[in-house]
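Data block below; observations after.
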Amino acid sequence: MSAYDFRAVEERQQARWEEENLFIAPDDPSRPCYVLEMFPYPSGRIHMGHVRNYSIGDVIARYKRMRGFDVLHPMGWDAFGLPAENAAIKHGIHPARWTYENIAYMRKQLKRLGLSYDWRREIATCDPAYYRWEQLFFLEMYEKGLAYRKTSPVNWCESCGTVLANEQVLDGRCWRCDSPVVEKELEGWFLRITAYAEELLSACDTLRGWPEKVLTMQRNWIGKSVGARITFPLAAPTASLSAIDVFTTRPDTLFGVTFLSLSPGHPAALVLASGTSQESAVRAFVEQWGKAPVMERQTDVKEKLGVFSGAFARHPLTGEEIPIHLANFVLMEYGTGAVMGVPAHDQRDFEYARRYSLPIRTVIQPKAGTSWDPNEGAWEGPGRLVSSGMFNGMESDAAKEAIVAHLSGLGLGEKTVSYRLRDWGISRQRYWGTPIPMIHCQRCGIVPVPRKDLPVVLPTDCVFDSSGRSPLPSLQDFVNVPCPSCGGPARRDTDTMDTFVESSWYFARYTCPNEGNAPIDPKRAAAWLPVDQYIGGIEHAILHLLYSRFFTRVLRDLGYLQVDEPFTNLLTQGMVLKDGAKMSKSKGNVVDPDAMIQRYGADTVRLFILFAAPPEKDLEWSDQAVEGAHRFLQRVWRLVTENLEGLSSGSRNKELLDPIDALPAELRAIRRKTHTTILRVTDDLEARFHFNTAISAVMELVNEVSAFLSQAPKNAQDADGRAAWAVLAEAVEGILLLLSPMVPHMTEELWAMLGHKVSLSQTPWPQADRQIAQAETVRIAVQVNGRLRGEIEVPREATEDDIVYRVMQEPKIRLHMEGKRIVKTIHVPGRLLNLVVK
Ligand SMILES: [Zn+2]
Ligand SMILES: [Zn+2]
């Protein structure tokens with residue numbers, strides 16, 4: 001017997017996997033399964049969050065291989081971004097060198113974890129062979145009007161000479177240099193994601209494999225509201241301005257309007273005030289508002305402040321004069337930048353009306369029995385209309401339609417749909433990114449770089465000074481180019497693209513990473529996409545996932561892809577905490593994966609991470625539990641190595657297993673336990689990746705086998721002994737097979753010791769004998785809207801949630817639910833599940 005020398009074992013097995021090319025994905029898969037983890041930013045070292053993310057993905061990839069799928073499981077680097085540039089400024093090391101050195105180190109770390117990647121498909125987004133295609137997409141999008149240039153207000157740091165994202169503005173100051181951040185109107189490139197707003201929204205309903213939480217965040221971000229545009233004519237119209245258009249989702253409250261409020265950024269703001277006694281007050285207010293950071297203006301302001309503009313509008317139905325105010329809580333970016341003030345039925349308007357002594361007029365009466373005091377706050381719910389002229393007595397929903405129809409007949413309004421989603425500004429005044437392939441010519445204006453001149457390679461011979469500015473605008477060789485159109489002197493666009501662009505299509509490039517003639521080979525992409533299982537942090541619930549969904553549609557419409565959605569199933573893993581808090585340098589609670597792997601081995605770290613919590617929940621680091629995981633692996637090691645002879649012979653005598661009735665009761669019990677464990681683990685992996693309960697189930701089996709062995713050591717030679725070893729071999733081989741996706745190195749080593757020549761990753765996943773395990777499972781009839789649509793076998797202890805989840809994985813049953821949502825489930829345990837869908 002040998003001691004569990006995890007260092008030697010892990011090194012040996014990793015070398016073997018590489019030598020045997022076990023994880024290479026074919027280009028023409030017959031049963032494709034694409035498993036993908038969000039690729040990392042090469043910051044220098046991997047952290048425990050990465051270890052968790054990639055361990056989860058690796059278990060799924062290895063499991064699917066054993067289930068007979070051709071698995072694509074690639075890895076790469078989201079390699080552009082600001083930290084590389086900061087390192088350059090701080091330490092004088094070029095961003096490219098910094099990035100590639102980090103990649104080399106992190107690649108080694110990932111290999112050390114035994115992750116089953118097809119390293120031949122590795123990509124780094126800072127490689128011109130990658131970003132050249134992004135430049136091509138940009139040109140194609142420009143031709144289709146999906147990329148365009150406009151001026152917009154941005155957060156600007158004068159000393160860094162750059163735009164700052166909202167997250168980079170801390171208390172109105174630059175996160176890097178602490179100078180005050182100012183607003184600046186800047187021209188830049190935008191991608192027209194809003195053209196896909198409706199499709200991105202409605203397709204959320206088809207993403208059944210996504211967490212509801214993420215879908216809700218996406219829906220809210222897109223923020224569709226159906227409402228009305230209503231025209232309020234000015235009381236004193238001029239030649240240039242005769243009316244104000246407002247946007248509202250509550251046209252039923254029209255008779256409750258006692259003021260209008262405009263964003264201080266509204267183009268009419270100063271026009272209205274001009275020549276009135278309010279002119280100077282309005283000017284001061286607008287100026288003050290302009291000084292607030294953009295971010296502050298885009299979020300909900302705490303204090304509702306405003307000023308009377310000096311002008312009045314007329315109510316479109318009553319003709320009453322309505323004062324027009326400018327208010328800091330009205331966003332120019334939303335709707336028309338003007339809203340109607342209905343203090344009785346909008347809390348924000350209520351607070352504002354109180355502060356500025358504006359009338360409050362109730363026009364919606366809540367249902368009888370609702371307690372509402374009009375003096376205390378607004379009633380924002382629906383109800384019956386009062387004090388609303390010809391619409392009195394109508395319910396809110398009907399009144400909305402009726403009032404808009406009436407206004408529309410008068411030419412004073414129409415039904416509208418608006419979205420919160422804005423177009424995606426991608427210009428960054430940064431160096432370490434994809435150059436935007438555009439040229440500015442004084443004579444011709446904007447001229448795209450001709451395709452034959454792609455890629456526009458990011459120049460690397462530049463110096464970084466402490467100013468923090470991008471060196472690109474001062475690189476004369478780069479900037480000055482002849483205009484492709486007229487040949488005259490012209491300048492390159494010196495901005496680079498938002499790094500989210502690179503991560504919006506990398507999953508498609510993995511299907512054909514070496515394609516040199518096109519960004520994507522439609523055939524190979526079609527063979528693999530969409531990604532079957534995507535795994536990453538919840539912090540990407542909106543931007544990255546939404547941009548990827550947008551890009552997938554754009555690439556579909558450009559003819560590269562044949563899918564609408566990039567990711568069929570999404571798993572958002574929880575965080576790794578220590579002492580109840582997210583690991584961070586500043587808190588001093590970081591556990592370094594390298595140190596843990598050094599001390600316990602990759603298998604132990606993986607096992608701990610997978611066992612400590614279900615994947616979507618946060619995980620609390622525990623040194624003791626790591627020790628526990630390590631001890632468990634040592635037990636399994638001893639269980640096999642101390643009984644090698646008996647197990648090897650048992651493995652060769654499988655015919656002694658049947659018929660099960662011929663075995664003594666204690667052996668029958670072990671066989672039953674083996675097969676129920678296979679069922680349970682399969683179910684846990686298949687259904688929800690409940691690795692923790694899967695591992696528990698294997699631990700129980702290990703206990704049972706160990707207990708049997710300690711009580712009745714068997715002589716392999718006599719008849720009883722031979723049957724016993726056959727049963728034990730079946731159990732132990734089951735243990736190794738079931739653990740192998742999670743603990744790949746040690747199981748592989750022990751598997752070989754038992755005499756198996758073929759790698760576990762090429763060995764089929766064990767099949768439970770249902771007859772043997774039968775006592776433990778039940779068949780459930782599945783109905784959709786009361787009609788029988790199939791049957792499903794589940795463990796007896798499966799919960800209703802588990803069963804619904806399993807049912808959703810059955811294509812035949814799903815067929816009957818296409819485009820519908822489950823509104824109710826009726827579960828008769830052990831017999832029936834009825835899904836009521838609409
Ligand atoms: Zn700064
Ligand atoms: Zn020109």
Neighbour net charge for Trp77 - beta-carbon separation under 11 angstrom, K R +1, D E -1: -3
Tell me, what % of the accessible area of the range 388-500 is carbon and sulfur with a 1.4 angstrom probe? 52 percent
Multiplying the sequence separation of Ala518 and Val226 by 0.36 nm and subtracting their Cα-Cα distance, what value in nm do you get? 101.0 nm
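Accessible area of the range 588-675 with a 1.4 Å probe: how many percent of it is carbon plus sulfur? Mind showing how you got there, number by number?
Numbers: 1870 of 3880 Å².
Carbon and sulfur atoms account for 48 percent of the accessible area of the range 588-675.
What is the extension gain from Ser152 to Glu704, computed as 0.36 nm multiplied by their sequence separation minus the C-alpha to C-alpha distance, in nm to one decimal? Write down the numbers at each step before the final one.
On the way: separation 552, 0.36 × 552 = 198.72 nm, distance 6.80 nm.
Going from the current span to full extension adds 191.9 nm.
Please report the equivalent ellipsoid semi-axes of the range 525-666, computed as sqrt(5 x eigenvalue) of the Cα gyration tensor, largest first, in whole Å. Can you show the working numbers first?
On the way: eigenvalues 338, 170, 34 Å².
Working from the Cα gyration tensor, I get semi-axes of 41, 29, 13 Å.
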Counting other Cβ atoms within 10 Å, keep those with at most 14, restrict to DSSP loop, and tell me which trypsin sites (Lys or Arg not before Pro) in the range 223-322 are left. Lys302
Loop-resident GluC sites (Glu not before Pro) in the range 1-92 with no more than 15 other Cβ atoms inside 10 Å, DSSP not H/G/I/E/B, are Glu20
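Among DSSP beta bridges lying fully in the chain, give the percent that are antiparallel, nearest 5.
Numbers: 74 of 97 bridges.
Around 75 percent of the beta bridges assigned by DSSP in the chain are antiparallel ones.
Where nothing but the Cβ of Lys and Arg (+1) and of Asp and Glu (-1) is charged, how large is the charge dipole of the chain around its Cα centre, in debye to the nearest 20? Write out the running numbers ahead of the final one.
On the way: 96 positive and 103 negative charges, 142 e Å.
So the magnitude is around 680 debye.
Quick one: dipole size for the range 798-838, taken about the Cα centre, charges +1 on Lys/Arg Cβ and -1 on Asp/Glu Cβ, in debye to the nearest 20.
Details: 8 positive and 5 negative charges, 44 e Å.
Its charge dipole is roughly 220 debye.
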Just from its helices, what would the mean residue ellipticity at 222 nm be for the chain, if runs of 4 or more DSSP H residues each count -39500 (n - 2.57) and the sum is divided by every residue, rounded to the nearest 500 deg cm²/dmol? -11500 deg cm²/dmol
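Can you say what percent of the DSSP beta bridges in the range 781-838, counting only those with both residues inside, are antiparallel? Round to 5.
Values: 10 of 14 bridges.
Among the beta bridges of the range 781-838, antiparallel pairing accounts for roughly 70 percent.
Measure up Lys111/Lys523; Lys108/Lys582; Lys144/Lys415; Lys213/Lys812; Lys184/Lys291 against 18 Å on the Cα-Cα distance and list the ones that go over. Don't skip to the end; give the middle numbers.
Numbers: Lys111/Lys523 30 Å; Lys108/Lys582 25 Å; Lys144/Lys415 28 Å; Lys213/Lys812 26 Å; Lys184/Lys291 10 Å.
Listed pairs above 18 Å: Lys111/Lys523; Lys108/Lys582; Lys144/Lys415; Lys213/Lys812.
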Relative contact order of the chain, please, whole-number percent, based on alpha carbon pairs below 8 angstrom and at least 6 residues apart. 14 percent
If amide H atoms are modeled at 1.01 Å from N in the peptide plane, then the residues at a separation of 5 or more from Gly341, or on another chain, having amide H under 5 Å from its own are Thr258, Phe259, Leu260, Ser261
Sorting Val501, Ala79, Thr151 by the position of each Cα along the dipole of the chain (Lys, Arg +1; Asp, Glu -1; all at Cβ), the one nearest the positive end of that ordering is Thr151
Selection of trypsin sites (Lys or Arg not before Pro), the range 523-592, meeting DSSP coil and at most 14 other Cβ within 10 Å: Lys585, Lys587
Could you pull out every whole DSSP H run in the chain that spans at least 24 Å of Cα extent along its own axis and averages 0.0 or higher on the Kyte-Doolittle scale? 691-711, 719-739
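Could you order the peptides 423-429, 467-473, 354-360 from most to least packed, using the average number of other C-beta atoms within 10 Å per residue?
Details: 423-429: 20.9, 467-473: 18.0, 354-360: 14.3.
Output ranking for 423-429, 467-473, 354-360: 423-429, 467-473, 354-360.
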What is the list of residues in the range 786-816 whose amide nitrogen lies under 14 Å from a point 7 angstrom out from the Cα of Lys824, following Cα to Cβ? 786-787
Out of Gln218, Gly536, Leu113 - ranked by how far each Cα lies towards the positive end of the dipole of the chain, with unit charges on the beta-carbon of charged residues - the top one is Gln218
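Given R₀ = 41 Å, FRET efficiency for Lys213-Glu333 by Cβ-Cβ distance, to 0.05?
Details: r = 26 Å, r/R0 = 0.63.
Efficiency, rounded to the nearest 0.05: 0.95.
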Please give the FRET efficiency for Thr238 paired with Ala281, using the beta carbon to beta carbon distance and R0 = 25 Å, rounded to the nearest 0.05. 0.80
Can you give me the distance in nm between label points at Thr693 and Gln347, each placed 7 Å from the Cα along the Cα-to-Cβ direction? 3.9 nm
Give the carbon-plus-sulfur fraction of the accessible surface of the range 731-824 in %, rounded to a whole number; probe 1.4 Å, heavy atoms of protein chains only. 47 percent
Could you name the aspartates and glutamates whose alpha carbon sits less than 15 Å from that of Lys150, not counting residues in the same chain fewer than 8 places away? Glu185, Glu187, Glu333, Asp423, Asp493, Asp495
Just to confirm a number: summing +1 for Lys and Arg and -1 for Asp and Glu over residues other than Gln13 whose beta-carbon lies under 14 angstrom from that of Gln13, what do you get? -3
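Considering only the other residues whose Cβ falls under 11 Å of the Cβ of Phe350, what net charge follows from Lys and Arg at +1 and Asp and Glu at -1?
-1
Could you order peptides 807-815, 367-375 by the average number of other Cβ atoms within 10 Å of their residues, highest first?
Values: 807-815: 14.1, 367-375: 9.2.
The most tightly packed comes first, giving 807-815, 367-375.
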Built amide H within the under 5 Å cut-off of Arg789, gap 5+: Val782, Gln783, Val784
Under a 1.4 Å probe, what is the accessible area of the range 115-223 per residue, stated in Å²? 42 Å²
Using +1 at the C-beta of Lys and Arg and -1 at the C-beta of Asp and Glu, which of Met575, Gly588, Thr511 has the Cα lying farthest in the positive direction of the dipole of the range 494-611? Gly588
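Return the inverse of the average 1/r over all pairs of distinct C-alpha atoms in the range 200-350, which is the Kirkwood hydrodynamic radius, in Å to one decimal. Don't skip to the end; give the middle numbers.
Working: mean 1/r = 0.0596 Å⁻¹.
Computed over Cα pairs of the range 200-350, the Kirkwood hydrodynamic radius comes out at 16.8 Å.
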Please list, in chain and number order, the residues 5+ apart from Leu186 or on another chain whose amide H is under 5 Å from its amide H, with Hs placed from the backbone. Ser152, Val154
In debye, nearest 20, what is the charge dipole magnitude of the range 125-176 about its Cα centre with +1 on Lys and Arg Cβ and -1 on Asp and Glu Cβ, if you could check? 140 debye
Added length on full extension, which subtracts the Cα-Cα distance from 0.36 nm per residue, Ser2 to Gln809: 286.1 nm
Expressed in angstrom and rounded, the centroid-to-centroid distance over alpha carbons for the range 129-193 and the range 40-74 is 33 Å
Can you work out the PRE-style zone for Arg443? Point 7 Å along Cα to Cβ, and I want the residues of the range 472-506 with backbone N under 15 Å. 481-491
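The values are calculated or read from the model by the stated rules, or taken from the named source; none is laboratory data. These figures come from a predicted structure and were not determined experimentally. All Cβ positions, even for glycine, are placed from backbone atoms using ideal geometry, and neighbour counts span all protein chains on display. For the accessible areas, the whole protein counts, side chains as well, though only heavy atoms, and no ligand, DNA or RNA atoms are used. Shrake-Rupley method; radii C 1.70, N 1.55, O 1.52, S 1.80 Å.
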